[in-house]
Amino acid sequence: MSDKNKPKGPHTRLVHSARSAKGMSKDLVNPPIERASTILFERAEDLYAHKPDQRYYGRKGTASQDALRAAIADLEGAADVVLTPSGLSACTMALQAVCEPGQHVLVSDSVYGPTRAFCDEVLAKNGIAIEYFDPRAGAALQSQLRDNTCAIFLESPGSLTLEINDLPAIAKLARARGITTLIDNTWGAGWFLKPLEMGIDYSIQAATKYYTGHSDVMMGAIAARNEKCAKPMADYARLSGITVSPDDAYLVLRGMRTMGVRMEHQQQSALRIAQWLSGREEIAQVLHPALPEHPDHALWKRDFSGACGLFSIILKPVSPEKVYGFLDNLNLFGIGYSWGGFESLVIHCDPQIKRTASPWHAAGPLVRFSIGLEDTDDLIADIEGALGALS
Ligand SMILES: Cc1ncc(COP(=O)(O)O)c(C=O)c1O
């Protein structure tokens with residue numbers, strides 16, 4: 001007889017997680033989609049009893065949201081998970097939940113642009129001091145801590161410029177001072193990076209990307225390291241009315257079931273394309289942390305178990321028109337924001353790069369690829385054909 005308690009591999013866990021979550025039926029492998037605002041109570045006295053397992057209103061979620069939360073908690077090793085309507089709202093809600101006016105927040109300089117805009121245009125206006133730090137600061141971040149520092153917001157690697165934050169070093173110095181640490185972990189997806197195991201308090205996902213995997217749902221998730229961290233997020237979501245639809249939760253969970261195999265394929269394909277691009281004369285630098293020449297390769301090797309399909313290249317200096325020509329000549333890569341879907345995408349990024357703590361000095365324009373599930377040879381041939389536009 002097989003040993004039920006034997007530890008299971010990550011693919012097995014991803015496929016089997018949440019099967020016994022609240023509301024799952026015994027004979028279906030997927031949760032029911034329960035559309036509900038109203039939830040009926042049998043007795044009037046139950047209305048205000050606040051029993052932990054009592055469902056009382058649709059906003060709190062039904063079976064598919066509960067199952068998705070359980071699956072993400074299992075993947076990230078989290079005590080609890082809050083779902084939000086987009087990845088950006090997960091970042092912004094998490095920050096709002098842990099910071100108060102008069103406090104100081106440190107933000108990695110290579111953070112996703114809209115997260116940065118929220119810090120500058122919303123948090124700062126609400127009396128929270130925002131300060132950026134060099135993504136490569138590591139333990140040297142100590143020098144930027146203030147008495148009123150309440151949180152450090154990380155993103156590793158940065159989704160355009162791919163610098164890796166030294167998570168264990170930053171978690172250590174933050175915990176010594178009771179400072180909350182949060183990471184946008186969309187690149188590692190909880191699959192290749194487990195920040196909560198390194199002492200980071202919150203792992204945030206744009207579930208829109210690899211979790212969903214099919215470019216058809218927007219969602220975010222905030223996974224909390226322990227019960228103490230979980231409470232402010234659950235409270236904030238409850239008090240502010242943040243919720244997601246049961247249909248969307250169903251789709252994200254369905255996407256997650258195949259995320260492991262998708263990411264393994266995308267990892268291999270992206271790495272091969274990155275290696276091939278490294279040898280091309282049109283390219284000044286390939287920004288992919290799994291390449292030994294990447295400045296943060298040692299950190300990536302220490303902390304990550306793999307790499308997703310998102311990486312960037314720096315072209316040798318060329319005019320913007322030539323860069324547009326290169327992108328327009330690609331047939332298999334769609335030109336569009338987002339990443340982590342089944343289809344390959346490309347964007348040129350210079351207008352998006354905003355830095356203050358660690359100025360960005362690149363040899364030429366930055367182009368970012370999200371590698372999808374197409375055949376790698378076809379993608380390489382497509383890029384090779386389009387590179388002619390640069391000469
Ligand atoms: C690193 C990163 N974080 C967060 C987000 C926001 O996710 P969403 O588009 O679901 O709001 C994105 C979107 O591109 C992203 O690239």
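Some notes on this structure:
- Positive end of the dipole of the chain (Cβ unit charges, origin at the Cα centre): among A73, G334, V244, the Cα lying farthest that way belongs to A73.
- Rounded tilt (10° steps) of 259-278 against the dominant C-alpha axis of the chain: 20
- DSSP-defined beta bridges in the chain - what % are antiparallel, rounded to 5: 55
- On the range 10-257, 51 percent of the accessible area sits on carbon and sulfur atoms, based on a 1.4 Å probe.
- In order along the range 214-220, phi translates into HN-Hα couplings of 10, 6, 9, 9, 9, 6, x Hz, rounded to whole numbers, per the Karplus curve 6.51 cos²θ - 1.76 cosθ + 1.60 with θ = phi - 60° and x for Gly and Pro.
- Projecting the Cα atoms of L95, V107, T84 onto the charge dipole of the range 1-107 (Cβ charges, centred on the Cα centre) puts T84 farthest toward the positive pole.
- Probe 1.4 Å, accessible area per residue of the chain, Å²: 45
- In a reduced charge model with +1 at each Lys and Arg Cβ and -1 at each Asp and Glu Cβ, the chain shows a dipole moment near 1180 debye about its Cα centre.
- Counting only protein heavy atoms and a probe of 1.4 Å, the accessible surface of the range 259-390 is 53% carbon and sulfur.
- Rg(Cα) / (2.2 N^0.38 Å) computed for the range 167-283, rounded to two decimals: 1.29
- Percent RCO, i.e. relative contact order, over the chain, from Cα pairs under 8 Å lying at least 6 residues apart: 17
- Cα lying deepest toward the dipole's positive end in the chain, options V122, T62, I33, charges on Cβ: T62
- The range 88-166 and the range 242-287 have Cα centres lying 25 Å from one another.
- Compactness relative to 2.2 N^0.38 Å, alpha carbon Rg of the chain: 1.02
- Rounded to the nearest 20, the Cβ-based charge dipole of the range 200-248 about its Cα centre (Lys and Arg +1, Asp and Glu -1) stands at 220 debye.
- Per residue, the average separation of C-alpha pairs within less than 8 Å and at least 6 apart gives the range 154-236 a relative contact order of 22 percent.
The values are calculated or read from the model by the stated rules, or taken from the named source; none is laboratory data. Computed from a predicted structure; not experimentally measured. Glycine gets a Cβ as well: all are built from the backbone with ideal geometry, and neighbour counts include every protein chain shown. The protein model used for the area step is the full one, side chains on, heavy atoms only, and it has no ligands, DNA or RNA in it. Shrake-Rupley method; radii C 1.70, N 1.55, O 1.52, S 1.80 Å.
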